[in-house]
Amino acid sequence: MILAKSKAGLGKGLQALLSDLPDKNESDIAEISIDLISPNPSQPRTHFDNEKIEELSLSIKEHGVVQPIIIRPIENQRYEIVAGERRWRAARKTQLTKIPAIIRNLSEQEVMEIALIENIQREELSPIEEASALKSLMDKFSYTQNHLAQRLGRSRSAIANILRLIRLPNYIQESVSRGTLSSGHAKLLLSLEDKPATQKQLYNEIIDNGYSVRKTEERIKQLTIQQTYVPRGTSSIPKPKVPKDIYLQKAEEDLMDYLSTKATIHPLSKNKRGKIEIEYYSLEDLNRIIEYIQGSE
(Lines give C-alpha, C1' and ligand atoms only; values in the text may rest on other atoms or scores of the structure.)
Protein backbone atom coordinates (compact mmCIF):
# COMPACT_ATOMS: atom_id res chain seq x y z
CA MET A 1 0.00 0.00 0.00
CA ILE A 2 1.35 3.42 -0.97
CA LEU A 3 0.44 6.11 1.52
CA ALA A 4 -0.80 9.44 0.24
CA LYS A 5 1.55 12.15 1.35
CA SER A 6 -0.34 14.77 3.34
CA LYS A 7 0.55 17.50 5.77
CA ALA A 8 -2.83 17.27 7.50
CA GLY A 9 -2.45 16.93 11.24
CA LEU A 10 1.11 18.16 11.47
CA GLY A 11 1.85 19.92 14.72
CA LYS A 12 -1.46 19.06 16.34
CA GLY A 13 -1.70 19.51 20.07
CA LEU A 14 -4.00 17.78 22.53
CA GLN A 15 -6.73 20.42 22.33
CA ALA A 16 -6.68 20.37 18.53
CA LEU A 17 -6.99 16.59 18.53
CA LEU A 18 -9.90 16.68 20.97
CA SER A 19 -11.74 19.29 18.93
CA ASP A 20 -11.32 17.14 15.79
CA LEU A 21 -12.98 14.07 17.28
CA PRO A 22 -16.40 13.29 15.81
CA ASP A 23 -18.16 12.88 19.15
CA LYS A 24 -20.13 16.03 19.95
CA ASN A 25 -21.70 14.80 23.20
CA GLU A 26 -19.16 16.43 25.45
CA SER A 27 -20.70 17.68 28.69
CA ASP A 28 -19.68 20.77 30.57
CA ILE A 29 -17.08 20.33 33.28
CA ALA A 30 -18.59 18.12 35.97
CA GLU A 31 -17.55 17.21 39.50
CA ILE A 32 -17.09 13.43 39.47
CA SER A 33 -16.51 11.19 42.48
CA ILE A 34 -12.86 10.12 42.56
CA ASP A 35 -13.91 6.61 43.60
CA LEU A 36 -15.84 6.17 40.32
CA ILE A 37 -12.73 6.85 38.22
CA SER A 38 -10.15 4.23 37.22
CA PRO A 39 -6.73 4.67 35.58
CA ASN A 40 -6.31 3.96 31.89
CA PRO A 41 -4.81 0.43 31.47
CA SER A 42 -3.21 1.65 28.22
CA GLN A 43 -1.54 4.61 29.94
CA PRO A 44 1.87 4.92 28.27
CA ARG A 45 3.48 6.18 31.47
CA THR A 46 4.53 3.20 33.61
CA HIS A 47 6.37 5.13 36.33
CA PHE A 48 5.00 8.01 38.39
CA ASP A 49 7.46 10.07 40.42
CA ASN A 50 6.15 10.07 44.00
CA GLU A 51 7.97 13.30 44.80
CA LYS A 52 6.30 15.11 41.90
CA ILE A 53 2.91 13.67 42.85
CA GLU A 54 3.46 15.02 46.37
CA GLU A 55 4.35 18.47 44.99
CA LEU A 56 1.21 18.46 42.85
CA SER A 57 -0.94 17.41 45.80
CA LEU A 58 0.37 20.37 47.82
CA SER A 59 -0.53 22.67 44.94
CA ILE A 60 -4.03 21.16 44.78
CA LYS A 61 -4.48 21.72 48.51
CA GLU A 62 -3.60 25.38 47.97
CA HIS A 63 -5.34 26.13 44.66
CA GLY A 64 -7.59 23.17 43.89
CA VAL A 65 -7.53 21.22 40.62
CA VAL A 66 -7.00 24.03 38.11
CA GLN A 67 -7.29 21.96 34.92
CA PRO A 68 -10.03 19.30 34.66
CA ILE A 69 -9.08 15.76 33.74
CA ILE A 70 -10.61 14.03 30.71
CA ILE A 71 -12.53 10.80 31.27
CA ARG A 72 -14.73 8.44 29.29
CA PRO A 73 -17.69 6.34 30.53
CA ILE A 74 -17.16 2.59 30.93
CA GLU A 75 -19.28 -0.20 32.36
CA ASN A 76 -21.09 -0.12 35.75
CA GLN A 77 -21.51 3.66 35.66
CA ARG A 78 -17.81 4.15 36.12
CA TYR A 79 -15.25 6.23 34.21
CA GLU A 80 -11.75 5.70 32.82
CA ILE A 81 -9.06 8.38 32.69
CA VAL A 82 -8.12 9.58 29.21
CA ALA A 83 -5.80 12.42 30.25
CA GLY A 84 -4.79 13.69 33.68
CA GLU A 85 -3.82 10.64 35.74
CA ARG A 86 -1.19 12.62 37.68
CA ARG A 87 -3.85 15.13 38.73
CA TRP A 88 -6.17 12.29 39.73
CA ARG A 89 -3.46 10.59 41.80
CA ALA A 90 -2.52 13.87 43.49
CA ALA A 91 -6.19 14.67 44.21
CA ARG A 92 -6.61 11.26 45.86
CA LYS A 93 -3.54 11.94 47.94
CA THR A 94 -5.15 15.14 49.26
CA GLN A 95 -8.25 13.05 50.10
CA LEU A 96 -10.55 15.00 47.77
CA THR A 97 -13.83 13.18 47.16
CA LYS A 98 -14.55 14.76 43.75
CA ILE A 99 -12.50 16.08 40.84
CA PRO A 100 -13.46 18.35 37.90
CA ALA A 101 -13.65 16.33 34.70
CA ILE A 102 -14.75 16.52 31.07
CA ILE A 103 -16.64 13.42 29.93
CA ARG A 104 -16.16 12.22 26.37
CA ASN A 105 -17.23 9.10 24.51
CA LEU A 106 -13.99 7.90 22.95
CA SER A 107 -12.77 4.72 21.29
CA GLU A 108 -9.78 2.75 22.59
CA GLN A 109 -7.74 4.05 19.67
CA GLU A 110 -8.59 7.68 20.47
CA VAL A 111 -7.83 7.11 24.17
CA MET A 112 -4.39 5.69 23.44
CA GLU A 113 -3.59 8.50 21.02
CA ILE A 114 -4.70 11.29 23.37
CA ALA A 115 -2.91 9.75 26.38
CA LEU A 116 0.31 9.50 24.37
CA ILE A 117 0.09 13.07 23.06
CA GLU A 118 -0.64 14.49 26.50
CA ASN A 119 2.36 12.77 28.04
CA ILE A 120 4.66 13.78 25.18
CA GLN A 121 3.57 17.42 25.37
CA ARG A 122 4.18 17.46 29.12
CA GLU A 123 7.55 15.69 28.60
CA GLU A 124 6.60 13.09 31.20
CA LEU A 125 7.50 9.91 29.33
CA SER A 126 10.86 8.21 29.35
CA PRO A 127 12.15 7.37 25.85
CA ILE A 128 11.37 3.69 26.46
CA GLU A 129 7.79 4.43 27.58
CA GLU A 130 7.31 6.57 24.50
CA ALA A 131 8.74 3.89 22.20
CA SER A 132 6.52 1.20 23.76
CA ALA A 133 3.41 3.38 23.39
CA LEU A 134 4.22 4.11 19.74
CA LYS A 135 4.77 0.41 19.08
CA SER A 136 1.41 -0.41 20.71
CA LEU A 137 -0.37 2.04 18.43
CA MET A 138 1.33 0.48 15.40
CA ASP A 139 0.52 -3.07 16.49
CA LYS A 140 -3.09 -2.52 17.57
CA PHE A 141 -4.27 -0.12 14.89
CA SER A 142 -1.90 -0.77 11.97
CA TYR A 143 -0.40 2.71 12.20
CA THR A 144 2.63 3.44 10.07
CA GLN A 145 5.50 5.66 11.13
CA ASN A 146 4.27 8.26 8.64
CA HIS A 147 0.81 8.22 10.23
CA LEU A 148 2.26 8.60 13.72
CA ALA A 149 4.49 11.44 12.57
CA GLN A 150 1.48 13.30 11.17
CA ARG A 151 -0.69 12.76 14.24
CA LEU A 152 2.03 13.72 16.72
CA GLY A 153 3.50 16.59 14.74
CA ARG A 154 6.95 15.02 14.47
CA SER A 155 9.23 13.99 11.65
CA ARG A 156 9.15 10.38 10.51
CA SER A 157 12.86 10.03 11.29
CA ALA A 158 12.24 11.16 14.90
CA ILE A 159 9.58 8.44 15.26
CA ALA A 160 11.94 5.87 13.74
CA ASN A 161 14.75 6.81 16.13
CA ILE A 162 12.51 6.41 19.19
CA LEU A 163 11.16 3.05 17.98
CA ARG A 164 14.67 1.67 17.54
CA LEU A 165 15.15 1.76 21.32
CA ILE A 166 12.80 -1.17 21.91
CA ARG A 167 15.25 -3.43 20.06
CA LEU A 168 17.68 -3.02 22.97
CA PRO A 169 18.06 -5.75 25.62
CA ASN A 170 15.76 -5.42 28.63
CA TYR A 171 18.57 -4.45 30.99
CA ILE A 172 19.44 -1.43 28.83
CA GLN A 173 15.79 -0.46 28.41
CA GLU A 174 15.29 -0.59 32.18
CA SER A 175 18.36 1.57 32.70
CA VAL A 176 16.97 4.20 30.31
CA SER A 177 13.59 4.08 32.08
CA ARG A 178 15.28 4.61 35.46
CA GLY A 179 17.28 7.51 34.08
CA THR A 180 20.67 5.89 34.74
CA LEU A 181 21.38 5.80 31.00
CA SER A 182 20.50 8.51 28.48
CA SER A 183 18.73 7.84 25.20
CA GLY A 184 21.86 9.16 23.45
CA HIS A 185 23.97 6.41 25.02
CA ALA A 186 21.27 3.84 24.25
CA LYS A 187 21.16 4.77 20.56
CA LEU A 188 24.92 4.29 20.33
CA LEU A 189 24.66 0.88 22.00
CA LEU A 190 22.21 -0.11 19.24
CA SER A 191 25.15 -0.21 16.84
CA LEU A 192 26.45 -3.24 18.79
CA GLU A 193 23.19 -5.22 18.78
CA ASP A 194 24.82 -8.00 16.72
CA LYS A 195 27.61 -8.24 19.34
CA PRO A 196 25.72 -8.77 22.63
CA ALA A 197 28.83 -9.50 24.71
CA THR A 198 30.55 -6.31 23.51
CA GLN A 199 27.32 -4.37 24.00
CA LYS A 200 27.11 -5.60 27.60
CA GLN A 201 30.79 -4.77 28.18
CA LEU A 202 30.39 -1.22 26.92
CA TYR A 203 27.17 -0.72 28.88
CA ASN A 204 29.00 -1.65 32.09
CA GLU A 205 31.85 0.71 31.19
CA ILE A 206 29.39 3.58 30.66
CA ILE A 207 27.71 2.96 34.03
CA ASP A 208 30.95 2.38 35.96
CA ASN A 209 33.00 5.20 34.41
CA GLY A 210 30.32 7.77 33.60
CA TYR A 211 31.22 7.98 29.91
CA SER A 212 29.83 10.95 27.99
CA VAL A 213 28.06 10.31 24.69
CA ARG A 214 31.19 11.50 22.86
CA LYS A 215 33.41 9.15 24.89
CA THR A 216 30.99 6.28 24.23
CA GLU A 217 31.18 6.97 20.50
CA GLU A 218 34.99 6.90 20.64
CA ARG A 219 34.93 3.68 22.62
CA ILE A 220 32.70 2.00 20.02
CA LYS A 221 35.21 2.91 17.31
CA GLN A 222 38.01 1.40 19.41
CA LEU A 223 36.05 -1.81 19.96
CA THR A 224 35.18 -2.01 16.25
CA ILE A 225 38.79 -1.90 15.03
CA GLN A 226 40.30 -3.73 17.98
CA GLN A 227 42.25 -6.84 17.04
CA THR A 228 40.63 -10.07 18.19
CA TYR A 229 43.04 -12.37 19.98
CA VAL A 230 42.88 -16.00 18.93
CA PRO A 231 42.89 -18.81 21.53
CA ARG A 232 46.14 -20.74 22.02
CA GLY A 233 46.72 -23.35 19.35
CA THR A 234 45.13 -21.38 16.52
CA SER A 235 47.45 -21.16 13.53
CA SER A 236 46.74 -17.61 12.48
CA ILE A 237 45.55 -14.29 13.88
CA PRO A 238 42.82 -12.51 11.90
CA LYS A 239 43.46 -9.03 10.64
CA PRO A 240 41.86 -6.14 12.48
CA LYS A 241 38.52 -5.07 11.02
CA VAL A 242 38.91 -2.14 8.63
CA PRO A 243 36.63 0.78 9.56
CA LYS A 244 33.80 1.39 7.13
CA ASP A 245 33.96 4.40 4.82
CA ILE A 246 32.43 7.42 6.59
CA TYR A 247 29.96 8.03 3.74
CA LEU A 248 28.75 4.42 3.78
CA GLN A 249 28.52 4.45 7.56
CA LYS A 250 26.30 7.56 7.50
CA ALA A 251 24.16 6.10 4.72
CA GLU A 252 23.80 2.89 6.71
CA GLU A 253 22.69 4.80 9.82
CA ASP A 254 20.17 6.81 7.78
CA LEU A 255 18.77 3.62 6.28
CA MET A 256 18.38 2.01 9.70
CA ASP A 257 16.69 5.14 11.02
CA TYR A 258 14.25 5.15 8.11
CA LEU A 259 13.37 1.45 8.24
CA SER A 260 13.70 0.97 12.02
CA THR A 261 15.65 -2.24 11.53
CA LYS A 262 19.23 -3.37 11.13
CA ALA A 263 20.68 -2.71 7.69
CA THR A 264 24.17 -3.27 6.30
CA ILE A 265 25.67 -1.59 3.24
CA HIS A 266 28.57 -3.52 1.72
CA PRO A 267 31.03 -1.43 -0.32
CA LEU A 268 31.61 -1.89 -4.03
CA SER A 269 33.66 -4.98 -4.85
CA LYS A 270 36.22 -5.40 -7.61
CA ASN A 271 33.44 -6.08 -10.12
CA LYS A 272 31.80 -2.76 -9.14
CA ARG A 273 28.92 -4.32 -7.27
CA GLY A 274 27.76 -3.37 -3.81
CA LYS A 275 25.10 -4.98 -1.65
CA ILE A 276 22.47 -3.80 0.86
CA GLU A 277 21.21 -6.25 3.49
CA ILE A 278 18.00 -5.43 5.38
CA GLU A 279 16.95 -7.62 8.30
CA TYR A 280 13.37 -8.42 9.31
CA TYR A 281 12.08 -10.45 12.24
CA SER A 282 8.55 -11.51 11.24
CA LEU A 283 6.22 -11.42 8.25
CA GLU A 284 4.55 -8.35 9.77
CA ASP A 285 7.94 -6.68 10.03
CA LEU A 286 8.68 -7.56 6.38
CA ASN A 287 5.35 -6.07 5.25
CA ARG A 288 6.10 -2.91 7.26
CA ILE A 289 9.49 -2.50 5.57
CA ILE A 290 8.02 -3.07 2.10
CA GLU A 291 5.35 -0.46 2.84
CA TYR A 292 7.99 2.13 3.79
CA ILE A 293 9.98 1.44 0.63
CA GLN A 294 6.88 1.73 -1.54
CA GLY A 295 5.84 4.92 0.24
CA SER A 296 9.21 6.53 -0.47
CA GLU A 297 8.80 6.28 -4.24
Going through the range 161-187 in order, the residues found to be surrounded by fewer than 20 Cβ atoms within 10 Å (Cβ to Cβ) and aliphatic (A, V, I, L, M) are 166
In the range 46-82, anything outside any helix (DSSP H, G or I), of a type in the set (D, E, K, R) and under 28 Å from the mean Cα position of the chain (by Cα) is listed as 49, 72, 80
For residue 89, are the conditions met, namely being at pLDDT 75 or above and touching a Leu at 6+ places or on another chain (Cβ under 9 Å)? yes
Given the conditions (1) over 14 Å from the mean Cα position of the chain (by Cα); (2) outside the structural domain of residue 71 (by TED's automatic domain parsing); (3) within 23 Å of residue 82 (Cα to Cα), which single one is not true for residue 111? (2)
Under 9 Å by Cβ, and 6 or more places apart or on different chains, what pairs join a residue from the range 66-92 that is at positive phi with one that is of a type in the set (Val, Ile, Thr) and not in a strand (DSSP E or B)? 84/65
Contacts under 7 angstrom Cβ, first residue in the range 144-156 being within 22 Å of residue 284 (Cα to Cα), partner β-branched (Val, Ile, Thr), 6 or more apart: 145/159; 148/159; 149/159
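Within the range 201-210, is there a residue that is surrounded by 15 or more Cβ atoms within 10 Å (Cβ to Cβ), outside the structural domain of residue 256 (by TED's automatic domain parsing) and farther than 24 Å from residue 47 by Cβ?
First pass over the range 201-210, keeping only residues surrounded by 15 or more Cβ atoms within 10 Å (Cβ to Cβ): 202-203, 205-206.
Cutting the leftovers down to outside the structural domain of residue 256 (by TED's automatic domain parsing) gives us 202-203, 205-206.
Cutting the leftovers down to farther than 24 Å from residue 47 by Cβ gives us 202, 205.
Yes, the range 201-210 has at least one match.
The values are calculated or read from the model by the stated rules, or taken from the named source; none is laboratory data. Note that this is a predicted model, so its numbers are computed, not measured. We place every Cβ from the backbone using ideal geometry, glycine too, and count neighbours over all the protein chains shown.
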